[in-house]
Amino acid sequence: MSDTVFLRETFAERFGGSPRFFRAPGRVNLIGEHTDYNDGFVMPAALEFQAEAAAAARQDRIITIHSLNNGRSAEIDLDAEANAPRGDWTDYAFGVAVMIEKAGTTLKGADILVSSSVPVGSGLSSSAALEVVTGYALLSLSGYAVDTVELAKICQKAENEYVGMRCGIMDQFISCNGVHDHALMIDCRSLERKPVPIDPKARIVVANSMVHHALADGEYNKRRQSCEEGVRLLQPVLGDIQALRDVSFDALEEHRDLLPEATYRRCRHIVTENGRVLAAAEVLERGDLDAFGRLMNASHVSMRDDYEISCAEVDKLVEIAQSQPGVFGARMTGGGFGGCVVSLVAAGAVDDFVEKVRAAYFEASGHTSDIFACAPQDGAGPLF
Ligand code: ADP
Ligand code: MG
């Protein structure tokens with residue numbers, strides 16, 4: 001997937017000199033949606049799609065970046081009085097530089113050429129891939145060893161505080177710490193992680209609905225507020241709870257009258273979804289793919305009805321995927337209101353699945369879905 005010759009030549013033309021190469025993958029989340037910012041559990045895998053960077057240190061403290069995806073260039077002076085967000089794509093990259101420096105690490109300037117194969121804005125986290133590859137390159141070129149847990153935290157901070165998107169840590173964490181052929185079960189409170197092998201009898205298949213409804217970002221922040229409201233209203237009766245992670249299903253049911261109806265349903269999604277992720281790790285480990293698939297299906301119902309982050313096109317695509325031969329389960333993946341559907345499919349049934357889902361979804365929606373089987377990859381690092 002990588003073409004270092006092209007990157008090297010393009011870098012030489014644009015900046016001159018000989019760069020080093022870095023990569024950071026996008027991701028698909030198998031189960032555990034919107035649980036990360038509730039201190040809960042998630043189970044993503046890193047994809048073959050990745051952001052790649054050719055980069056070289058400069059003598060000054062200026063960072064210049066050029067993206068081959070949008071053909072744009074920009075620069076930032078790390079010694080400027082104040083570096084404010086610009087409200088565009090550069091915030092993902094420069095935000096990371098600003099947060100690294102804020103944390104007390106001094107960077108060298110750098111020339112960076114970025115090229116990403118992660119589809120942008122489809123719920124496969126092109127944003128985290130861009131952040132992580134930039135952070136990895138800047139730290140490496142400045143002579144630091146990269147701590148991938150710290151880098152994930154820095155990149156999340158950049159997206160929260162510089163981009164202004166209040167995302168949890170999942171995307172950055174899996175881009176930094178993915179494991180080849182494994183999904184990664186992450187405890188988003190302790191940041192403990194456990195690789196869970198994907199049975200070779202099954203393949204992860206991602207299907208893009210090709211729609212993305214504009215309300216996504218605003219609704220995302222609203223869901224966060226509902227979760228915070230739930231915690232605030234439950235605290236007086238449940239005592240020392242920090243997040244919905246600390247609320248059991250029984251406790252939520254017992255005190256549901258304390259919550260407005262919509263808030264209750266938002267909380268119920270998070271509480272039941274955490275339970276599903278824990279169960280999913282267990283069944284995947286013992287190779288019970290049917291049970292894993294049922295958990296995926298239940299997760300979709302919960303996102304659709306309780307968290308209300310799906311949309312008609314995605315529901316249709318999920319329904320089509322779930323009705324194919326050889327499918328264990330299917331659900332929306334990512335922030336919501338469009339984007340991708342992830343399915344677990346018997347290895348021998350994948351080719352038929354792809355063809356039939358594409359045809360049926362086109363018939364139903366008029367959109368031609370990009371569908372691909374994925375093999376989980378390692379997290380960010382040097383690219384050779
Ligand atoms: P997702 O992370 O699901 O792909 P986001 O809305 O979080 O969607 O992030 C997409 C944004 O990230 C783009 O609009 C763009 O600003 C930025 N971005 C990601 N990758 C690149 C890239 N290679 N070049 C330029 N901008 C990028
Ligand atoms: Mg993103």
> Got a sec? How would His367, His212 order by Cβ neighbour count within 10 Å, fewest to most?
Replying inline: His367, His212
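Run through segment 100-192 and list the GluC sites (Glu not before Pro) located in a DSSP loop whose Cβ has at most 13 other Cβ atoms within 10 Å.
Values: sites: Glu101, Glu131, Glu150, Glu159, Glu161, Glu192; in loops: Glu192.
Passing sites in segment 100-192 are Glu192.
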>> What would the Debye equation give as log₁₀ I(q)/I(0) for the chain at q = 0.08, 0.10, 0.15 Å⁻¹, counting only Cα atoms as equal point scatterers?
In response: -0.41, -0.64, -1.30
> How many nm is it between the label spots at Glu261 and Ala312, if each spot is 7 Å from the Cα in line with the beta carbon?
Replying inline: 2.3
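Hey, which of these cross-link pairs are over 25 Å Cα-Cα: Lys102/Lys222; Lys194/Lys222; Lys157/Lys222; Lys157/Lys194?
On the way: Lys102/Lys222 28 Å; Lys194/Lys222 30 Å; Lys157/Lys222 19 Å; Lys157/Lys194 23 Å.
Going by Cα-Cα distance, Lys102/Lys222; Lys194/Lys222 fall outside the 25 Å limit.
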> Dipole of segment 202-374 (Lys/Arg Cβ +1, Asp/Glu Cβ -1, origin at the Cα centre): which of Asn297, Phe337, Thr263 lies farthest to the positive side?
Replying inline: Phe337
> Roughly what would the spin-label model give for Asp88 and Val120, points 7 Å off Cα along C-beta, in nm?
Replying inline: 1.1
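When Lys and Arg each count +1 and Asp and Glu each count -1, what net charge do the other residues less than 10 Å away from Leu184, Cβ to Cβ, add up to? Working shown, then result.
Numbers: positive: Arg27, Arg193, Lys194; negative: none.
Result for the neighbourhood of Leu184: +3.
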>> With +1 assigned to the C-beta of every Lys and Arg and -1 to the C-beta of every Asp and Glu, and no other charges, what is the dipole magnitude of segment 1-153 about the Cα centre in debye, to the nearest 20?
In response: 260
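How about segment 86-156: which trypsin sites (Lys or Arg not before Pro) there are in a DSSP loop, with at most 15 other Cβ atoms within 10 Å of their Cβ? Please report the intermediate quantities before stating the final value.
Working: sites: Arg86, Lys102, Lys108, Lys153; in loops: Arg86, Lys108.
When the trypsin sites (Lys or Arg not before Pro) of segment 86-156 are filtered for loop state and at most 15 Cβ neighbours within 10 Å, Arg86 remain.
Among the trypsin sites (Lys or Arg not before Pro) within segment 284-342, which fall in a DSSP loop and have no more than 16 other Cβ atoms within 10 Å of their own Cβ? Could you put the intermediate results ahead of the total?
Values: sites: Arg286, Arg294, Arg304, Lys316, Arg331; in loops: Arg286.
Passing sites in segment 284-342 are Arg286.
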>> Compute the orientation-averaged projected area for segment 1-135 from the convex hull of its Cα atoms and round it to one decimal in nm².
In response: 9.1
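Using the 10 angstrom Cβ neighbour count as an exposure proxy, how do Phe49, Phe21 rank, fewest first?
Numbers: Phe49 23, Phe21 19.
By the 10 Å Cβ count, ascending, the order reads Phe21, Phe49.
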> Which whole-number percent gives the relative contact order of segment 202-374, counting Cα pairs below 8 Å spaced six or more residues apart?
Replying inline: 34
> Rounded to the nearest 0.05, what FRET efficiency do Ile241 and Glu363 have when you use their Cβ-Cβ distance and R0 = 56 Å?
Replying inline: 0.75
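Within the set of other residues whose C-beta is less than 10 Å from the C-beta of Ile100, count the net charge using Lys and Arg as +1 and Asp and Glu as -1.
Numbers: positive: Lys102, Lys157; negative: Glu101, Glu150.
Net charge in that neighbourhood comes out at 0.
Give me D for segment 202-374 in µm² s⁻¹, whole number, from Stokes-Einstein with Rh from the Kirkwood sum over alpha-carbon pairs, 4 °C and 1.567 mPa s.
Working: Rh = 17.1 Å.
This corresponds to a translational diffusion coefficient of 76 µm²/s.
Remind me, relative contact order of the chain in percent, using alpha carbon pairs under 8 angstrom and six or more residues apart? Don't skip to the end; give the middle numbers.
Numbers: 819 pairs, mean separation 88.5, N = 384.
Relative contact order for the chain comes out at 23 percent.
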> So how compact is segment 100-254: Cα radius of gyration and Dmax in angstrom?
Replying inline: 18.5, 57
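Readers should treat all values here as calculations from the given coordinates under stated rules, not as data from a laboratory. Predicted, not measured: the structure shown is a model, and the values here were computed from it. No Cβ is skipped: glycine too gets one built from the backbone with ideal geometry, and neighbour counts run over all protein chains shown.
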